[in-house]
Ligand code: MN
């Protein structure tokens, strides 16, 4: 394959900065967990009963990744662009049908993430039973901080917060995840052969809301780090 030639320059390999390392982590897939905090599920009008429900997922293209600190354009075809602050897991080892008790072995580290969402398009699709893709898979819509290496560590608690222009909009704790890190890795590995470079955005707490051009978003997960994003004018 090293001798392959291409009709045009191939896209760059999506990757993430890693704290303390010159090397970047190549990114494979972006998985997102839907409705994984009770208070957020309730604010979306779809409460979760864990006794009878399973976690569900959607994906975004790795090309939607954008680094913390970036300024991104307000996206086209939306007038209700939302932030969702999330804890992100980076998978570092392959795994398929992994038991919860072994799930930690797949973890390379963590990051802060923003699952940016065209809420108007997402809800219109949801209510018509259509795919969410145009509401979620948005250019510049998967914001990621540097990866913090924590191999084998299962994060079970830690304040998660998002501020818009200095005002707190989301303030919860990752101990409120409906499906925790072990459960998510085990469950997702029944659907996919997890691979190094897979990222799992674990869901957002309550308090999601719209942004406007000129807004500055700043988020944090205690014990992991911080993330920032500036929203620019529409293109
Ligand atoms: Mn989300």
Worksheet item: Do you know which residues across segment 79-93 are within 11 Å of the chain's Cα centre (by Cα) and not in a strand (DSSP E or B)?
Response: 84
Fill in: Failed item in (1) touching a strand residue (DSSP E or B) at 6+ places or on another chain (Cβ under 7 Å); (2) closer than 26 Å to residue 215 by Cα; (3) part of a loop (DSSP other than H, G, I, E, B), with residue 76 passing the rest
(1)
Worksheet item: If you go through segment 37-44 one residue at a time, do you hit one that is in a loop (DSSP other than H, G, I, E, B) and within 20 Å of the chain's Cα centre (by Cα)?
Response: yes
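For the condition without any contact (Cβ under 8 Å) to a residue 40 or more places away in the chain and either closer than 19 Å to residue 215 by Cα or away from the ligand (no atom under 16 Å from the Cβ) (or both), what is the one hit in 103, 124, 99, 70? Walk me through it before giving the result.
Values: 103 fails: without any contact (Cβ under 8 Å) to a residue 40 or more places away in the chain; 99 fails: without any contact (Cβ under 8 Å) to a residue 40 or more places away in the chain; 70 fails: without any contact (Cβ under 8 Å) to a residue 40 or more places away in the chain.
Every option except 124 fails the conditions.
For segment 1-27, enumerate the residues that are touching a helix residue (DSSP H, G or I) at 6+ places or on another chain (Cβ under 7 Å) and surrounded by 10 or more Cβ atoms within 10 Å (Cβ to Cβ). I'd like the intermediate steps shown before the answer.
Filtering segment 1-27 down to residues touching a helix residue (DSSP H, G or I) at 6+ places or on another chain (Cβ under 7 Å) leaves 11, 14, 27.
Result: 14, 27.
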Worksheet item: Out of 152, 129, 113, which single residue is within 16 Å of the chain's Cα centre (by Cα) and either within 16 Å of the ligand (Cβ to nearest atom) or modelled with pLDDT of 95 or more (or both)?
Response: 113
Fill in: Count of segment 45-66 residues which are within 15 Å of the ligand (Cβ to nearest atom) and in a loop (DSSP other than H, G, I, E, B)
4
Discussion item. Would you confirm, using the coordinates I've provided, whether residue 207 is away from the ligand (no atom under 16 Å from the Cβ), part of a loop (DSSP other than H, G, I, E, B) and at pLDDT 95 or above?
Written reply: no
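The values are calculated or read from the model by the stated rules, or taken from the named source; none is laboratory data. Nothing here was measured: the structure is a model prediction, and the numbers come from that model. For neighbour counting, all protein chains shown are included, and Cβ atoms are generated from backbone atoms with ideal geometry for every residue, glycine included.
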